Every structure is written in structure tokens, then in C-alpha cells.
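The next block holds one structure in the form of C-alpha cells; read it before the comments.
The values are calculated or read from the model by the stated rules, or taken from the named source; none is laboratory data. A quick note: this is a predicted structure, and the numbers were derived from the prediction, not measured. Note that we place each Cβ from the backbone using ideal geometry, even for glycine, and neighbour counts take in every protein chain shown.
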Amino acid sequence: MSERLDPDVVLNHEMVPEHEVIDDEEEIERILEELGLDREELPRIFTNDPVVVALSEKLGRKIPEGALIRITRKSPTAGEITVYRVVTKPPE
């Protein structure tokens with residue numbers, strides 16, 4: 001039996017960087033074009049990842065497969081870095 005995690009506890013944990021859901025297809029296409037990548041070339045984040053589950057609960061809706069998650073991390077050397085992951089089903 002899995003325990004439900006409080007979304008605020010997960011998303012506000014000091015070790016969890018800022019995550020933002022991008023599910024607008026036009027914005028996704030703009031980002032992919034800017035990066036010069038196809039969706040399949042991005043790292044993945046699974047629909048059962050604790051952050052994806054917490055974001056879904058906080059937003060009150062399921063995050064669709066194919067959506068992007070923008071992750072903004074603070075870095076002592078780079079200042080701030082933004083990376084993207086594509087939401088996918090976990091392997092069976």
C-alpha cells in the first residue's frame with residue numbers, strides 16, 4: 001500500500017527544484033524549436049514520479065503524457081539552470 005504524499009511537502013522540499021508544467025502544444029513546439037530537439041530527445045520524467053503526482057494533485061488535473069516539465073535549479077557555478085523533461089508512462 002502506498003502512502004499519499006502531501007503535494008506541498010514534496011514541492012517545497014529544500015532538495016526539490018522548481019517544477020513547472022507546460023502542456024500547451026504551441027509553447028512546447030516553441031521550446032523544442034529553440035532547443036533544436038525533438039520531444040523524443042528530451043530526458044523523461046514518469047507519470048508516477050513523486051513530483052509529477054504532487055503537481056497533478058496541486059493542479060487538480062492529471063498531467064498528460066507528452067507534456068513538458070520545466071525544472072529550474074539554482075547552481076553555485078551557473079547561477080540558475082533550466083532543463084526540460086517530457087512526461088511519459090513508466091516502463092512496465
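Summary table
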{"item": "Residue match in the stretch 41-49 (condition: without any contact (Cβ under 8 Å) to a residue 40 or more places away in the chain and of a type outside the set (D, E, K, R))", "result": "no"}
{"item": "Some residue of the stretch 41-63 being of a type in the set (Asp, Glu) and modelled with pLDDT of 95 or more", "result": "yes"}
{"item": "Scan of the stretch 73-86 for residues that are of a type in the set (Ser, Thr, Tyr) and surrounded by fewer than 17 Cβ atoms within 10 Å (Cβ to Cβ), ordered by number", "result": "SER75, THR77, THR82"}
{"item": "In the stretch 30-72, residue surrounded by the most Cβ atoms within 10 Å (Cβ to Cβ) [restricted to those that are of a type in the set (Val, Ile, Thr) and closer than 16 Å to VAL83 by Cβ]", "result": "ILE69"}
{"item": "Qualifying positions in the stretch 44-92 - within 15 Å of ILE22 (Cα to Cα), charged (D, E, K, R) and either in contact with an Asp or Glu (Cβ under 6 Å, 6 or more places away or on another chain) or not in a strand (DSSP E or B) (or both)", "result": "LYS58, ARG61, LYS62, GLU65, ARG70"}
